[in-house]
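Everything below concerns the one structure shown next.
The values are calculated or read from the model by the stated rules, or taken from the named source; none is laboratory data. Treat the numbers as computed from the prediction; the structure is a model and nothing was measured. Neighbour counts run over all protein chains shown; Cβ positions are idealised from the backbone, glycine included. The area values use the complete protein model at the heavy-atom level, side chains included, leaving out ligands, DNA and RNA. Shrake-Rupley method; radii C 1.70, N 1.55, O 1.52, S 1.80 Å.
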There are 2 protein chains.
Amino acid sequence: MTDAIAIVGGDAAGMSAASFIARSGEDAKVTVFERSGVNSYAACGLPYHVSRDIHDPSTLLVREPSYFTSKGIDLRLCHEVVDLDTTAHAVTVLDRVSSTSYTHHYDKLLLATGASAIVPPVAGGHAANVFSIRHYDDSIALVQYIEQHKPGRGTVIGASYLGLEMAEALRAHGLEITLAEGADHVLPAMDSDMTGLVHSELVDQGTDIRLGEPVVELEQGEDGSVCAVRTASARWECDLVVLGLGARPNIELASKGGVDIDVTGAIGTTDTMMTNVDGVWAAGDCVSSSHRVTGATVWIPLGPAANKQGRVAGSSMIGGSARFGGVVGTSLVKVFDLHVGRTGLTETEARRLGMRVASTRITADDIAHYYPGSTKTTVKIVADATTSRLLGAQIVGRAGVPGRTNVVATALQAGMSVGDLADVDLGYAPPFAPVWDPLLVAANRLGPMTRKAQP
Amino acid sequence: MTDAIAIVGGDAAGMSAASFIARSGEDAKVTVFERSGVNSYAACGLPYHVSRDIHDPSTLLVREPSYFTSKGIDLRLCHEVVDLDTTAHAVTVLDRVSSTSYTHHYDKLLLATGASAIVPPVAGGHAANVFSIRHYDDSIALVQYIEQHKPGRGTVIGASYLGLEMAEALRAHGLEITLAEGADHVLPAMDSDMTGLVHSELVDQGTDIRLGEPVVELEQGEDGSVCAVRTASARWECDLVVLGLGARPNIELASKGGVDIDVTGAIGTTDTMMTNVDGVWAAGDCVSSSHRVTGATVWIPLGPAANKQGRVAGSSMIGGSARFGGVVGTSLVKVFDLHVGRTGLTETEARRLGMRVASTRITADDIAHYYPGSTKTTVKIVADATTSRLLGAQIVGRAGVPGRTNVVATALQAGMSVGDLADVDLGYAPPFAPVWDPLLVAANRLGPMTRKAQP
């Protein structure tokens, strides 16, 4: 008998699942409900549309709808699932074009409802010149606003990865930028001893940075637009605001269906992406993951995990045995000319978890010192001081940052010690690396500080 | 009692050992004998001196001699060790400046005698316009020759990494280049299905490639210089020859001292770099290593291993417990605008070892397809078809090649399966990688072809 598979959400996780099932050749009827008018867009590319590195935003659309329909997937754009009855195996769908609702029955359901940008709960948070950058339309709206209103001063709230990318994107339009961050350093997801270079780069590129005080009000002018930003002790004027405060998982529909929300505030699943409710799977930015270093349940909503989880959910829904292996929290960001990576735990995170931590921070040549373009890269690695197990790394530099971050991500997945990392046979050629790769320099330095160390 | 430690060879392995011992604070008198006039130069940088990417060759000298003498190391340049009596714990040293010899007694000895470039055993192999590129003086001699004689046509014999780097370096001087390789494809250390792009790049950059026939004669003119190259079926004229035929370990001194030479033709050691002879260690390009993928003893003389082995030897000679973990055969090379990496076993090598091999070759976006500068990268991964264990990878592209090669090197060291690689939490940001990293695309493709695969 043909399984009726319903998928709520037509972005990374949802479409990965749908594609996997369609490719499998299994006898299943797949229906995808997507409330917006687009499917499968590259959300992480939106800042580069704002910056005009990408001129045509449609290049961010990964696949045309026709690609999926040609694979036999019933992709329904502008169809929002507004209710879920897991007993009756039914969803209520609102057709946003005709404004009519209907009931759709499923045998198996995938919740891939994603996450939504956090809007600060202050006056003015929803004004017309306050922009989130999460959905396909968001960057188009921002670019249109800039072109129409020619703002001179912008404020970015939140010095997250996205906040920094947006500061750079707005600088490309010539705006004066103020970057407001409630924590005491930019990139609060990194250790403060690694973000000084990033802070300097932002300042060098003309960004005014205000740290340590959350925004308490977005002051609105007569037309309702935000015209100034207030913290407890400061006030500055601005012509537009971009939010970089992160996101929250979209769990309303799951809650309506009795699907468990775990301690992270996201949907809890098994490693085959099954929820506690029979016949209901979940994947992507709306679910939590297992952290491979700590074993803890975490919510780190990033694109690679969403795609992998979608694939695993698709496999599991048709009886396959694929499993999602969890995350180590790898992320990369370009901040003007600086490249930044982190993976695993920061020192701050490890200490907060009560671990005995050893760490080292070194600055070394990124490629052979004599090769044209050589410059310095800074590497911090963090290990368990008792067992010598590697816990994480943070890297800031101008070349080789993604590769070195990924090497540590691989080492973390394998449970390597600092000594194991020091032993890895990393490649050497003058245009690409020094003979002692900075990772090895750091590992050799850190090794003796941990108990299992060799002299 | 103060140990008298003698080190033969003042390059990567020898000076790493000397430095490690000096830094340790142990009570040891370290004497280093180096037959040339320089210590610790970056041999892999020599092609970039020839190409004039590096103008001052002295930047290739990693450390001044005074650095080592200030650490208490007795560094004797132009002192060649010509005999070894391991029973008497004595070396015979020739002072090449005064042409006098003396005997030096040691308690512990490190052989770090390196390797020498292979010169083809054909007529003309030692002519004045035939150049090896291995020692510090070699690139200086070649550049001087080019500047004095203004040659128009050069031949590079051997399409190895070095051969390709030298073809590029000579092209930078405007020479017409013929590249002669006895095997049927360039970069014979890689699978032939991965070298087509490299071949095309060489041709596009003006290199004439002759494959499949070894050189049988270097024809000499009246002044003794080589003026033409002959293979069995061809002859072409040239004004200079550069050799890229690889190297042989320098084992003569070891043999004189009764030190075991193993099946690879290099000195065999334990993982603490001890030889079979009491009180004698060896490290660097003159020793064999354990291959972490196969467990076999191999001779893969590369800089990172030499440096690590020197460090381990230094530790071991003063009673430390450091061990050298072996190699996986990682190497990187830039060929004009193309970047090439390999690690682990090629398919050819794995089949030659009798393994059941599964492999896949994919071409994918190197960074997000919509980000400026995006292009394609080609990844081949090789696995054991029975166990799904990862065996190796080869990567050719224009960005991200070193990092991705190093990720696989790390995965190989950890003994990961193809499924493990597909699970690694690699970083994603549009300027650096697509959301599905090419390594994950390849691993997802290869997984189902191996027995432990998941659907």
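In the range A:398-425, which residues are over 24 Å from A:Lys334 (Cα atoms) and hydrophobic (A, V, I, L, M, F, W, C)?
Matches in the range A:398-425: A:Ala414, A:Met416, A:Val418, A:Leu421, A:Ala422, A:Val424.
Can you tell me which residues in the range A:135-152 are assigned to a loop (DSSP other than H, G, I, E, B) and open to solvent by 60 Å² or more (accessible area, probe 1.4 Å)?
The answer is A:His135, A:Lys150.
Would you mention how many residues in the range A:54-75 are of a type in the set (D, E, K, R) and modelled with pLDDT of 95 or more?
Within the range A:54-75, residues that are of a type in the set (D, E, K, R) and modelled with pLDDT of 95 or more number 1.
On the given criteria, is A:Thr346 open to solvent by 20 Å² or more (accessible area, probe 1.4 Å) and more than 8 Å from chain B (Cβ to nearest Cβ)?
So A:Thr346 fails the test.
Does B:Val382 satisfy the criteria of being of a type in the set (Val, Ile, Thr), away from chain A (no Cβ under 13 Å) and either assigned to a loop (DSSP other than H, G, I, E, B) or buried (at least 24 other Cβ atoms within 10 Å of the Cβ) (or both)?
yes
Could you check how many residues of the range A:114-141 are among the hydroxyl-bearing types (Ser, Thr, Tyr) and touching a Leu at 6+ places or on another chain (Cβ under 6 Å)?
So the count comes out to 2.
List the number of the failed condition for A:Ala296; all other conditions in (1) open to solvent by 20 Å² or more (accessible area, probe 1.4 Å); (2) farther than 21 Å from A:Met416 by Cα; (3) among the hydrophobic types (A, V, I, L, M, F, W, C) hold.
Of everything listed in (1) open to solvent by 20 Å² or more (accessible area, probe 1.4 Å); (2) farther than 21 Å from A:Met416 by Cα; (3) among the hydrophobic types (A, V, I, L, M, F, W, C), A:Ala296 misses just condition (2).
Which of the residues belonging to the range A:216-243 are assigned to a loop (DSSP other than H, G, I, E, B), crowded, with 17+ Cβ neighbours inside 10 Å and not hydroxyl-bearing (Ser, Thr, Tyr)?
Residues satisfying the conditions are A:Cys238, A:Asp239.
Run B:Lys71 past the list (1) out of contact with any helix residue (DSSP H, G or I) (no Cβ under 7 Å at 6 or more places or on another chain); (2) open to solvent by 30 Å² or more (accessible area, probe 1.4 Å) and report the number of the one that doesn't hold.
Answer for B:Lys71: the failing condition is (1).
A:Ala128 - would you say it is in a loop (DSSP other than H, G, I, E, B), over 27 Å from A:Thr348 (Cβ atoms), touching a Phe, Trp or Tyr at 6+ places or on another chain (Cβ under 9 Å) and open to solvent by 20 Å² or more (accessible area, probe 1.4 Å)?
yes
Among the numbered criteria (1) over 21 Å from the mean Cα position of the chain (by Cα); (2) open to solvent by 20 Å² or more (accessible area, probe 1.4 Å); (3) at pLDDT 95 or above, which one does B:Glu213 miss?
(3)
How many residues are touching a residue at least 60 places away in the same chain (Cβ under 8 Å) and under 20 Å from B:Arg235 (Cβ atoms) if we restrict to the range B:176-208?
Total meeting the criteria: 1.
Just give me the residues in the range B:358-379 being touching a strand residue (DSSP E or B) at 6+ places or on another chain (Cβ under 6 Å), free of Cβ contacts under 8 Å to residues at least 60 places away in the same chain and within 14 Å of chain A (Cβ to nearest Cβ), in sequence order.
Answer for the range B:358-379, where residues must be touching a strand residue (DSSP E or B) at 6+ places or on another chain (Cβ under 6 Å), free of Cβ contacts under 8 Å to residues at least 60 places away in the same chain and within 14 Å of chain A (Cβ to nearest Cβ): just B:Ser374.
For the range A:393-439, which residues satisfy the criterion of being part of a helix (DSSP H, G or I) and open to solvent by 20 Å² or more (accessible area, probe 1.4 Å)?
Within the range A:393-439, A:Pro402, A:Gln413, A:Gly419, A:Asp420, A:Asp423 qualify.
Report, by residue number, each residue of the range B:287-320 that is in contact (Cβ under 8 Å) with a residue 40 or more places away in the chain and at the interface with another protein chain (Cβ under 7 Å from one of its Cβ atoms).
Those that are in contact (Cβ under 8 Å) with a residue 40 or more places away in the chain and at the interface with another protein chain (Cβ under 7 Å from one of its Cβ atoms): B:Gly303, B:Asn307, B:Ser315, B:Gly320.
Any idea which residue in the range A:43-58 is least open to solvent (accessible area, probe 1.4 Å), counting only those that are among the small types (Gly, Ala, Ser) and within 19 Å of A:Leu243 (Cα to Cα)?
That would be A:Gly45.
Among the residues of the range B:85-116, count how many are closer than 14 Å to B:Leu243 by Cβ and either over 30 Å from the mean Cα position of the chain (by Cα) or open to solvent by less than 30 Å² (accessible area, probe 1.4 Å) (or both).
1
Has the range A:244-257 got any residue that is more than 18 Å from A:Leu302 (Cα to Cα), open to solvent by 40 Å² or more (accessible area, probe 1.4 Å), without any contact (Cβ under 8 Å) to a residue 40 or more places away in the chain and part of a loop (DSSP other than H, G, I, E, B)?
Scanning the range A:244-257, I find no residue that is more than 18 Å from A:Leu302 (Cα to Cα), open to solvent by 40 Å² or more (accessible area, probe 1.4 Å), without any contact (Cβ under 8 Å) to a residue 40 or more places away in the chain and part of a loop (DSSP other than H, G, I, E, B), so the answer is no.
With respect to the numbered conditions (1) in contact (Cβ under 8 Å) with a residue 40 or more places away in the chain; (2) more than 8 Å from chain B (Cβ to nearest Cβ), which one is the sole condition not fulfilled by A:Ser417?
It fails just one condition, (1).
Given the structure, is A:Arg63 open to solvent by 30 Å² or more (accessible area, probe 1.4 Å), without any contact (Cβ under 8 Å) to a residue 60 or more places away in the chain and more than 16 Å from A:Asp137 (Cβ to Cβ)?
It is true that A:Arg63 is open to solvent by 30 Å² or more (accessible area, probe 1.4 Å), without any contact (Cβ under 8 Å) to a residue 60 or more places away in the chain and more than 16 Å from A:Asp137 (Cβ to Cβ).
When the range B:322-338 is examined, which residues are found to be within 9 Å of another protein chain (Cβ to nearest Cβ) and under 16 Å from the mean Cα position of the chain (by Cα)?
Passing the criteria: B:Gly326, B:Val327, B:Val328, B:Gly329, B:Thr330, B:Ser331, B:Leu332, B:Val333, B:Lys334.
Filter the range A:17-39 for residues that are among the small types (Gly, Ala, Ser) and surrounded by 24 or more Cβ atoms within 10 Å (Cβ to Cβ) and give the result.
A:Ala17, A:Ala18
Name every residue in the range B:299-343 that is out of contact with any helix residue (DSSP H, G or I) (no Cβ under 6 Å at 6 or more places or on another chain), farther than 25 Å from B:Val418 by Cα and in a strand (DSSP E or B), in order of residue number.
Result: B:Lys334, single match.
Looking at the range B:39-83 only, could you name the residues that are farther than 17 Å from B:Ala12 by Cβ and in contact with a Ser or Thr (Cβ under 6 Å, 6 or more places away or on another chain)?
Selection gives B:His49, B:Val50, B:Asp74, B:Val82, B:Asp83.
Hey, does the range A:423-431 have a residue that's of a type in the set (A, V, I, L, M) and more than 8 Å from chain B (Cβ to nearest Cβ)?
no
Report, by residue number, each residue of the range A:360-376 that is touching a Lys or Arg at 6+ places or on another chain (Cβ under 9 Å) and crowded, with 23+ Cβ neighbours inside 10 Å.
Passing the criteria: only A:Asp366.
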